[in-house]
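**Student:** Mind looking over this structure? Questions follow.
The values are calculated or read from the model by the stated rules, or taken from the named source; none is laboratory data. Keep in mind that what you see is a predicted model, and the values were worked out from it rather than measured. Methodologically, a virtual Cβ is constructed for each residue, glycine included, from the backbone with ideal geometry; neighbour enumeration extends over all protein chains shown. Accessible surface is based on the protein model in full, side chains and every heavy atom, while ligands, DNA and RNA are left aside. Shrake-Rupley method; radii C 1.70, N 1.55, O 1.52, S 1.80 Å.
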Amino acid sequence: QVQLVESGGGLVQAGGSLRLTCATSGVTFSNYYRAWVRQAPGKEREFVARINRYGDKASYADSVNDRFTIWLDNTKNLVNLHMDKLKPEDTGVYYCAATRYYDGTIAGFDYWGQGTQVTVSS
């Protein structure tokens with residue numbers, strides 16, 4: 001059984017930092033393409049950051065580029081997201097997602113965590 005469990009969310013002031021971690025079990029971690037996706041209140045889910053299964057190619061939403069960093073820790077089956085210079089518009093539920101075959105869409109991700117709340121106050 002595949003499980004993804006996020007941690008690290010919380011309340012932070014604008015300009016601050018948070019680090020999210022997603023622990024994975026039940027799969028061969030290195031076979032999966034990983035992503036962080038967020039959903040703000042009243043809005044659709046959107047990609048925040050994506051990383052390939054080897055951990056050597058990442059991409060970011062324009063809104064977070066140069067502020068967020070995604071990376072893998074294959075030895076510990078973790079995917080991390082460091083968020084810096086946070087803004088109120090970064091507020092939302094952040095989900096960790098995984099898929100073996102990335103098709104370019106959020107819907108194409110097969111496995112999801114339960115989400116962790118990030119709230120950035122102004």
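**Student:** Would you list which lysines come within 28 Å of Lys87, measuring only between C-alpha atoms, while excluding same-chain residues fewer than 8 positions from it?
**Tutor:** Within the straight-line cut-off, Lys87 pairs with Lys43, Lys57.
**Student:** Right, next: Under the Kirkwood approximation for Rh and a Cα-based Rg, what ratio Rg/Rh is obtained for the chain?
**Tutor:** 0.94
**Student:** How far apart, in nm, are two points set 7 Å out from the Cα along the Cα-to-Cβ line at Gln1 and at Tyr102?
**Tutor:** 2.9 nm
**Student:** Put Lys76, Lys87 in order of accessible area, largest first, 1.4 Å probe: what do you get?
**Tutor:** Lys76, Lys87
**Student:** How many Å² of accessible area per residue for the range 1-118, probe 1.4 Å?
**Tutor:** Using a 1.4 Å probe on heavy atoms only, each residue of the range 1-118 averages 52 Å².
**Student:** Also, quick follow-up: Using a Förster distance of 35 angstrom, determine the FRET efficiency expected from the C-beta separation of Asp62 and Asn31, and round it to 0.05.
**Tutor:** Working from the Cβ atoms, E equals 0.75.
**Student:** For the chain, set up a GNM with springs between Cα atoms under 10 Å and report which of Tyr60, Tyr95, Tyr111 has the largest fluctuation.
**Tutor:** Tyr111
**Student:** In the range 7-61, carbon and sulfur make up what percent of the accessible area (probe 1.4 Å)?
**Tutor:** In the range 7-61, the share of accessible area belonging to carbon and sulfur is 46 percent.
**Student:** Moving to a separate point now. What percent does the relative contact order of the chain come to when contacts are Cα pairs within less than 8 Å and at least six residues apart?
**Tutor:** Computed over the chain, the figure is 35 percent.
**Student:** I'd like the accessible area for Ser30, computed on protein heavy atoms only with a 1.4 Å probe and all protein chains in place. Round to 10 Å², please.
**Tutor:** For Ser30, solvent-accessible area is about 50 Å².
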